[in-house]
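Read through the structure below, which is laid out as structure tokens, and then see the notes.
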Amino acid sequence: MSESKDSDTNSSMQTLPLLPLRDVVVYPQIVQPLFVGRDKSIKALEHAMSKDKKVVLVAQKNPTDDEPNASDLYRIGTVASILQLIRLPDGTVKVLVEGISRAEIVSIDYSEEYFDAQAEELKLSAMPKKESDLLIRSLLSQFDQFVQLSKKIPPEVITSISSIDEPGRLVDTIASHMSLPLEEKQNLLELAKLKSRVEHLMALIEAEIDLFQVENEFEEE
């Protein structure tokens with residue numbers, strides 16, 4: 001895939017239980033609760049808990065698909081660590097995961113009771129600090145404007161993310177707070193070049209801000 005060519009060559013391959021996700025994209029360094037009900041997914045989590053508590057999380061293209069195969073999953077996902085696993089009375093599982101790194105799914109093994117995936121870790125390309133600082137300031141300023149207009153995101157979120165000085169992590173954190181379509185969340189995960197990720201998110205926020213402003217003008221009229 002062209003994706004891996006855009007990334008650094010310092011990648012590592014690992015075999016991990018795979019968890020298909022419905023309507024969710026988990027980003028690196030983001031802590032996310034998930035509710036899991038499918039037998040295969042629960043078995044994948046149980047296997048991970050008995051080993052090193054690592055899984056690879058991959059979004060389904062169609063959230064309603066109960067038995068997804070390789071072609072039904074996106075090829076870029078996130079290697080994550082299981083922080084907590086709680087079995088609920090109805091037989092489902094609530095699991096708290098923390099993203100570690102982006103990964104490309106190289107192959108999937110269906111022979112076990114759960115999906116096993118060979119995943120290759122993908123590194124983000126770096127950028128000069130001066131350019132990085134400028135993009136961080138621009139992104140924070142734009143997201144601040146978005147939060148003020150949206151009224152759905154607590155203002156304290158801006159305070160909590162203003163100390164993030166790494167643009168890749170800032171993109172992931174902001175994206176996790178926004179109600180973007182699944183395809184857009186996945187697109188952000190797949191972009192390998194850091195500058196492309198920041199600019200793409202800024203374009204998405206700009207579109208949302210324009211929409212809010214049109215709605216506000218309509219309400220005033």
Please name all residue pairs, on different chains or six or more residues apart, with Cβ atoms under 7 Å, provided the first residue is in region 195-214 and is under 18 Å from residue 165 (Cβ atoms) and of a type in the set (Lys, Arg) and the second residue is part of a helix (DSSP H, G or I) and open to solvent by 40 Å² or more (accessible area, probe 1.4 Å). none
What about residue 96, is it closer than 30 Å to residue 211 by Cβ and in contact with a Pro (Cβ under 6 Å, 6 or more places away or on another chain)? no
Qualifying residue in region 94-115 (condition: surrounded by 14 or more Cβ atoms within 10 Å (Cβ to Cβ), touching a Lys or Arg at 6+ places or on another chain (Cβ under 7 Å), over 24 Å from residue 185 (Cβ atoms) and among the hydroxyl-bearing types (Ser, Thr, Tyr)): yes
Do you know which residues across region 45-61 are of a type in the set (Gly, Ala, Ser) and within 21 Å of residue 29 (Cα to Cα)? 48, 59
Do the conditions hold for residue 74, that is, is it modelled with pLDDT of 95 or more and aromatic (Phe, Trp, Tyr)? yes
Which one of 163, 150, 179 is on the phi < 0 side of the Ramachandran plot, in contact with a Phe, Trp or Tyr (Cβ under 9 Å, 6 or more places away or on another chain) and not hydrophobic (A, V, I, L, M, F, W, C)? 150
Can you go through 162, 138 and tell me which one is farther than 28 Å from residue 21 by Cα, more than 21 Å from the chain's Cα centre (by Cα) and among the small types (Gly, Ala, Ser)? 138
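Okay, residues lined up against (1) of a type in the set (D, E, K, R); (2) open to solvent by less than 60 Å² (accessible area, probe 1.4 Å):
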| site | (1), (2) |
| --- | --- |
| 146 | no, yes |
| 151 | yes, no |
| 164 | no, yes |
| 181 | no, no |
| 194 | no, yes |
Taking region 166-179 and keeping only residues that are open to solvent by 50 Å² or more (accessible area, probe 1.4 Å) and more than 19 Å from residue 98 (Cβ to Cβ), one is left with 179
Of (1) surrounded by fewer than 18 Cβ atoms within 10 Å (Cβ to Cβ); (2) at pLDDT 90 or above; (3) touching a helix residue (DSSP H, G or I) at 6+ places or on another chain (Cβ under 6 Å); (4) within 30 Å of residue 73 (Cβ to Cβ), residue 203 fails just (3)
Any chance residue 174 is touching a residue at least 24 places away in the same chain (Cβ under 8 Å) and in contact with a helix residue (DSSP H, G or I) (Cβ under 7 Å, 6 or more places away or on another chain): yes
Quick check: is even one residue across region 136-144 over 17 Å from residue 203 (Cβ atoms), open to solvent by less than 20 Å² (accessible area, probe 1.4 Å) and in contact with a helix residue (DSSP H, G or I) (Cβ under 7 Å, 6 or more places away or on another chain)? no
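The values are calculated or read from the model by the stated rules, or taken from the named source; none is laboratory data. Because the structure is predicted, anything quoted here is derived from the model rather than measured. In this analysis, Cβ positions are derived from the backbone assuming ideal geometry, glycine residues included, and neighbour counts consider all displayed protein chains. Ligands, DNA and RNA are excluded from the accessible area calculation, which covers all protein heavy atoms including side chains. Shrake-Rupley method; radii C 1.70, N 1.55, O 1.52, S 1.80 Å.
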